[in-house]
Structure formats: structure tokens, C-alpha cells
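K.L.:
I'd like to ask you about the structure that follows.
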Amino acid sequence: MEGLTLTDFPCLQLGNTCRNNRFIKIINNIVAKPSGSIPQQCENWYETKATYHFLGNKQVKLKKIESAIQSHGRHELGATKKVLIVHDFCQISYSTLKATAGLGYLSTKESLGIVSYNSLAITPTGTPISLVYQETFTRLIENYGKSNDRHTKKFEDKESYYWYKGMSALNKTLDCAIHKIHIADREADIYELFFIGEEVNSDLLIRSTYDRKLDYNDYLWQHLDSTSVVAEVKIRIPEAHTTNKVEIIVSIKYAKVKIRRPENSKSKRESVELTGILLQQISPKQEWQKELVEWKLLTSLQILQLTDALQCIEWYCYRWLIERFHFVLKSGTEIEKLQLEEATRLQKAIHLYSMAAIELMKLTYLARATPEESCELVLTKEQWAVLYMLRLKTDKLPSKPPTLGEAVNWIGGLGGHLGRRSDGNPGLKVIWQGYRKLMTAVELYEIMPKIKSG
């Protein structure tokens, strides 16, 4: 890949040019050697020390890094008119780092780490664009086990407020001409969040958890369940523990509803209008399925006909891309193996490693979306030349670069992808493993002339 530059971060302001350049250099080093330790990613001991100094420098403010990431996200969106924004939390474990100051609890009091709230921009056809919002935080150990008092807290004091905070911030910072469709899983079934869809050029699409009260004391999903089936359609879902997709038949129901304010909500709004979409599997359960598929979606988008509901279902399916981002961040860059002395240093590292993870994701998904494009869309001349020589065992280069699809398949091959028809496209894991091997070969290629002349 060409590597990020200062122009990719229009609002990067870390105090001076040296820090700004170091920020970019660290991200590019991680991209070049994902899963490598900091010393392995750096060219020499001076650069290694500079990286550790950057992460430990109290003048490098966490909020400034978060702002830089948001500015990069806006820059990447360009002239986009409609964007899906998928939101989710990611728990990053550092339980082995007992001496690291400032870590918080995760799922248990003994599991220590950092929580990251992430917002990933995706095209309406399912290609990742950029990370447009990210905030990291730690949960105070002394607050563990105090979830019973959550009903007495203000919404702004709850962890669930991060959903509203992230979506609302993006509605303010992104161009108002961009139609923003916020997508989230069941944890975002929060009454106060439902009004995000009323903000300018903004809509909400979430998976529902609660059977909420409607007018006339009816209940949301009981009401939808009692309505007539609009259509029965075939959809394809991923088979458990494989990349294969199987076809199932589902029924679709949808209806506009007025949801009443929950009794424990302190919202000033008494009700909100949304559309509920109920998807239920009616074909027999597959052998690997634990239960039949049932999705309950809520949206502020207008659902006037079946195609509108099916579009929402397709868009909600793209939510899994943020799970893939978390997978690359944890397994691809091995962020959880970092050993730093303070939680704040780890938080800075999480943001930098996240930018690298997005770059690796884009390499994979751009190849699937635009396989016929030139590979120079993402690879430098030296990178694709070395890749071509490794793949075809020749030093004679073609007159034009390989396609992006060819190049990424070859990178996958370096990572262990066999490339058989039944194997499908190379996945994220083999891509980052292959890319690391490619970058090692590129390093050798670049120093060979010096060795010969010496």
C-alpha cells in the first residue's frame, strides 16, 4: 500500500510537526508488519524508542488522536451522498498486565482491559470506507457490580450513552448533505436513541431486544406477530464455522408503530414513531442451527413496500463488518499482546492500531468490490512488482499492473490461501499474513541494489 500521509489527516494537531509525522510513521509501520511487536515494526532502535516515547508522551493528548481519526474518516468519505455507519463496542483484554496502571474491568472483576466504542463507515453495497468515530475508556474497578443502580442514573451518566454520543457527534461533524444511516445491534435498543432518526439527514436501523409498549397497551412484537405476512422470500445466511452460505426461506412482516416512553425513562418525549420489521425462518432448521432465524428490526427509514424492508435487512447484514474489524484489530495486529506501563499509552496504541486494521480491511474488501481495477489503487509499483515475481517466478514484469483481484488473490496465496474454486475469496487472516510476507520481500528487494553495489 502507498501508506498514509499527513494529507489524509486534515485536522492532525499533536503539538508539532515531529509528533504529527511520528503518528503517521507508526501507523504505516503497523500496516507493513501486522502482528509484529513494536521493535519488529521499527527499522532500528532509534525508531523503536521514538515510538515508545510517542505513546508515553503526556503532550500527545488522547482526545487529539481521536479527533485526528474523525478527520481522517470525513476525508475518506469525500463526495459520498449516502453512508451506512455501523456502531459497536469492543473489549480489549490486558488481563496479564497486572502492573499496568489505570486498566478497568471487562466481563468480570478479574478480567482487565480497555473498552473501545467504534463507528465504521460502509458503502450502501457493503464495502468498508473508514473509521469515522472512535473513543476508548476504562471502567473503574470500584464500580463493578453496581449495575442495579442504573435505573437511578441520568442517561448521560450511563455507558449506554456512548451510543447516543457517537451517533450524535457524527450527525454534527459529517456533512449535512450526507444521508447517515446508523446501524447497531441489540445493545442499542435504547428509547433515548430512537430520536437520532429525527436529526437532519439521519436514520436509525437497530436490532430490537425489548417488547416495548405501544399505544392502547399493545406490545411491539406481539403486535407485529399478529399481523399478516407481507411476503415469503429466500435469503442466504452464513453456515456456522464456515465461509459457506446456505439458502433459507423467511417470512417478512412490517408495520409503523408508535412506541411509548418506558416507565424508567427520564426522556421528555412521550412516544416515537418507528417501523418494526419481523423476519422469521419458515424453512426447516439446518443441522448446524441451534434455533430458527428470527430478526426484529426497528428503523426510522420509510418502509413503503417490500423492497424497502428487504433493503433494511440487507443493510443490517453489513453490521457484521464491524465484527471483522474487531477481528483484524485483535488477531491481525495482535493489539492485546502489547505490554505498556499505563492504560493511557495502550489507549493511544489502540487508536493507531485501529487505523492500520482499517487499511488491511480495505485491501481485502476493495478487491471484492472492484476486482478489475488496477492493483496500483492500493499497492505501490515496488510492491506489485515483487508480488508478481514471487507468484510467477520471473523477473520480467508485465506492461501494465495486475488487477486488484489478481494481486489480492496472490497475497492470499502467500498467506496460505489455496485458491481452489471451492475456497472462495481469500479471507482477512490470510490477507494480513500474506501482506506481511510480501512486505518482508519488498524490504529485501529494496536493499539488494545496495548489496550488489557494495
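The values are calculated or read from the model by the stated rules, or taken from the named source; none is laboratory data. Small disclaimer: the values here were computed from a predicted structure and weren't measured. Heads up, the Cβs are rebuilt from the backbone with ideal geometry, glycines too, and the neighbour counts pull from every protein chain shown. Protein only, heavy atoms only, side chains kept; ligands, DNA and RNA dropped before computing areas. Shrake-Rupley method; radii C 1.70, N 1.55, O 1.52, S 1.80 Å.
K.L.:
Report, by chain and number, residues whose modeled amide H sits under 5 Å from the one on THR380, excluding near sequence neighbours (fewer than 5 apart, same chain).
P.N.:
When sequence neighbours closer than 5 places are left aside, the close amide H contacts are GLU2.
K.L.:
Quick one: net charge of GLU47's neighbours, Cβ under 15 Å, K/R +1, D/E -1? Don't skip to the end; give the middle numbers.
P.N.:
Numbers: positive: ARG19, ARG22, LYS25, LYS33, LYS49; negative: GLU43, GLU443.
Counting the neighbours of GLU47, the net charge comes to +3.
K.L.:
Residue by residue through region 55-66, what is 3J(HN,Hα) from phi via Karplus (6.51 cos²θ - 1.76 cosθ + 1.60, θ = phi - 60°)? Round to whole Hz and write x for glycine and proline.
P.N.:
Couplings: 5, x, 6, 5, 6, 8, 7, 4, 5, 5, 5, 4 Hz.
K.L.:
Now a separate question. When only DSSP loop residues count, what GluC sites (Glu not before Pro) in region 290-349 have their Cβ near at most 11 other Cβ atoms within 10 Å?
P.N.:
The qualifying sites are GLU291.
K.L.:
So how far, in whole Å, is the C-alpha centre of region 273-318 from the one of region 356-379?
P.N.:
Cα centroid to Cα centroid, the span is 30 Å.
K.L.:
With respect to the cross-link table entries LYS180/LYS362; LYS61/LYS153; LYS180/LYS256; LYS33/LYS81; LYS158/LYS330, which display a Cα-Cα separation exceeding 24 Å?
P.N.:
LYS61/LYS153; LYS33/LYS81; LYS158/LYS330
K.L.:
Quick one: 3J(HN,Hα) in Hz for region 352-368, Karplus 6.51/-1.76/1.60 with θ = phi - 60°, rounded, Gly and Pro as x.
P.N.:
With the stated coefficients, region 352-368 comes to 5, 5, 5, 4, 5, 4, 5, 4, 5, 5, 4, 4, 5, 7, 5, 5, 7 Hz.
K.L.:
DSSP loop trypsin sites (Lys or Arg not before Pro) in region 1-96 with at most 16 other Cβ atoms within 10 Å of their Cβ, which ones?
P.N.:
Filter output for region 1-96: LYS58, LYS61, LYS81.
K.L.:
Which value, in Å² rounded to 10, gives the accessible area of TRP288 with a 1.4 Å probe and all protein chains present?
P.N.:
About 70 Å², ignoring ligands and nucleic acids.
K.L.:
Could I ask something else about it? Take every DSSP beta bridge with both residues inside the chain and express the antiparallel ones as a percent of the total, to the nearest 5.
P.N.:
Details: 51 of 62 bridges.
Restricted to the chain, the bridges split so that about 80 percent are antiparallel.
K.L.:
How would you classify region 184-326 from its alpha-carbon gyration tensor, with a ≥ b ≥ c the square roots of the eigenvalues: rounded for a/c under 1.5, else prolate if a/b is greater than b/c, otherwise oblate?
P.N.:
Prolate, since a/c reaches 1.5 and a/b exceeds b/c.
K.L.:
Is the C-alpha gyration tensor of region 1-131 telling us rounded, prolate or oblate? Criteria: a/c under 1.5 is rounded; beyond that, a/b larger than b/c is prolate, otherwise oblate.
P.N.:
Oblate.
K.L.:
Using a ≥ b ≥ c from the Cα gyration tensor of region 180-232 (square roots of the eigenvalues), is it rounded, prolate or oblate, where a/c under 1.5 gives rounded and otherwise the larger of a/b and b/c decides, a/b for prolate?
P.N.:
prolate
K.L.:
Solvent-accessible area per residue for the chain at a 1.4 Å probe radius, Å²?
P.N.:
On a per-residue basis, 50 Å².
K.L.:
Spelling out what I want: for every residue of region 424-437, take phi, set θ = phi - 60°, compute 6.51 cos²θ - 1.76 cosθ + 1.60 (Karplus), and round to whole Hz; glycine and proline get x.
P.N.:
x, 6, x, x, 4, 5, 5, 5, 5, 5, x, 5, 5, 5
K.L.:
Still on this model: What is the helix-to-structure angle for 404-414, meaning the angle in degrees between its Cα long axis and the longest Cα principal axis of the chain, kept from 0 to 90 and rounded to the nearest 10?
P.N.:
Relative to the chain, helix 404-414 is tipped by roughly 70 degrees.
K.L.:
Right, here's the next one. Would you indicate which of [x] 2.45; [y] 0.96; [z] 1.06 is the value of Cα Rg over 2.2 N^0.38 Å derived from the coordinates of this structure?
P.N.:
Here Cα Rg over 2.2 N^0.38 Å agrees with entry [z].
K.L.:
Can you list residues from other chains, or at least 5 along the same chain, whose modelled amide H is less than 5 Å from the amide H of SER283?
P.N.:
Sorted by chain and number, the residues that satisfy this are ILE249.
K.L.:
So, one more: For the full complex of protein chains and a 1.4 angstrom probe, list ILE322, ILE141 by accessible area with the highest value first.
P.N.:
ILE141, ILE322
K.L.:
Given a 1.4 Å probe and every protein chain left where it sits, what share in percent of the accessible area of the chain is carbon and sulfur?
P.N.:
50
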